[in-house]
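Encoded as structure tokens, the structure appears first; notes follow it.
The values are calculated or read from the model by the stated rules, or taken from the named source; none is laboratory data. No experiment lies behind these values; they were computed from the predicted model shown. Backbone-built Cβ (ideal geometry, glycine too); neighbour counts: all protein chains shown.
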Amino acid sequence: MKLRSFFTVFAVFYWLILVVISIYFVQIYSINLATIGMMLTGLLPIGFFYGLNLATQPRTSPRQILLTLFILLNSLLALTKYKEFGVFIILLYFGGFVTWLLYLYWYSYLDIQESSVLKLGNTLPDLTFSTYDNHPFYSSSLLGKKVVYVFYRGNWCPVDMAQIKELCKQYDYIQTLGGEIVLVSPQPHAESKKLAELHKIDFRFLTDDENKMACLLEIENKYGVPKGIGMSKYDVDTVYPTVIITDELGKIIYLDQTDNYRVRPAPEQYMEVLKS
């Protein structure tokens, strides 16, 4: 959905406005429960959103119940100064809470459609990618090995980056189990090269040019790349985060298609499959 690509810019801007307004009211009414609550209504969602960049694991609670209740409580604290603030300001801060709910229950969830290609027991089609130095790479060259394909959205996604960091920690063990790690993204070659140089590990960092293989596998995410500063170098479409494991014959023996971009499978799940 095209509207989704504008959401993060809108949400962060909205929450920042709430913080600025709360600072203005602190100047007028000094620090009190109402102004503290108003400020936290904006700061808490921003803190969570940008805190994903520091995450060491690519998994958070989908519902964030305690944080959600705390944000609601703080937005309601503005009611203690109802007469001074007026109806518009009260509604504005309640809107901050509603925006948080939209982030949790709309933006975070992915409109995954069941793929007719990706099913356990099916043979993975022969896929063509390119390396970050723009040489062709064929999935058929990996026949005879167990392969873990990780389709990720791009360097811009902090949860993707946490997922790759987690995989790096398990790299040696996955190797001992005979697994080959293949990371695939539709992002520009230069971005994949940056990632490879950052981790300095023997993964295959591949590019799905124009998202063609994602379309073949029916995991393309139309307008999945958010708008924002520095995002113009990425195409508007991306891929749904997907993990596929194939056996030596190219048969799919594991499949994870998360329906929430903040929840990725733990490497322990890969280990069990690779062991078997």
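If a residue must be assigned to a helix (DSSP H, G or I) and either in contact with a helix residue (DSSP H, G or I) (Cβ under 7 Å, 6 or more places away or on another chain) or crowded, with 18+ Cβ neighbours inside 10 Å (or both), how many such residues does the range 37-67 contain?
Looking only at that region, the number is 15.
Hey, does the range 81-90 have a residue that's in a loop (DSSP other than H, G, I, E, B), touching a Leu at 6+ places or on another chain (Cβ under 7 Å), at pLDDT below 95 and not assigned by TED's automatic domain parsing to the domain that holds residue 261?
Within the range 81-90, not a single residue is in a loop (DSSP other than H, G, I, E, B), touching a Leu at 6+ places or on another chain (Cβ under 7 Å), at pLDDT below 95 and not assigned by TED's automatic domain parsing to the domain that holds residue 261.
Which one of these is closer than 30 Å to residue 196 by Cα and among the hydrophobic types (A, V, I, L, M, F, W, C): 55, 78?
The unique qualifying residue is 55.
Is there any pair linking a residue in the range 79-101 that is more than 19 Å from residue 64 (Cα to Cα) to one that is not small (Gly, Ala, Ser), with Cβ under 6 Å and at least six apart or on different chains, and which?
80/33; 93/38; 93/41
Could you tell me whether any residue of the range 188-195 is surrounded by 15 or more Cβ atoms within 10 Å (Cβ to Cβ), among the charged types (D, E, K, R) and in contact with a helix residue (DSSP H, G or I) (Cβ under 8 Å, 6 or more places away or on another chain)?
No, there is no match, as no residue in the range 188-195 is surrounded by 15 or more Cβ atoms within 10 Å (Cβ to Cβ), among the charged types (D, E, K, R) and in contact with a helix residue (DSSP H, G or I) (Cβ under 8 Å, 6 or more places away or on another chain).
Let me confirm something: among 233, 227, which residue is basic (Lys, Arg) and out of contact with any helix residue (DSSP H, G or I) (no Cβ under 6 Å at 6 or more places or on another chain)?
From the options 233, 227, the qualifying one is 233.
Any idea which residue in the range 236-255 is nearest to the chain's Cα centre (by Cα), counting only those that are of a type in the set (D, E, K, R) and crowded, with 16+ Cβ neighbours inside 10 Å?
The residue in question is 237.
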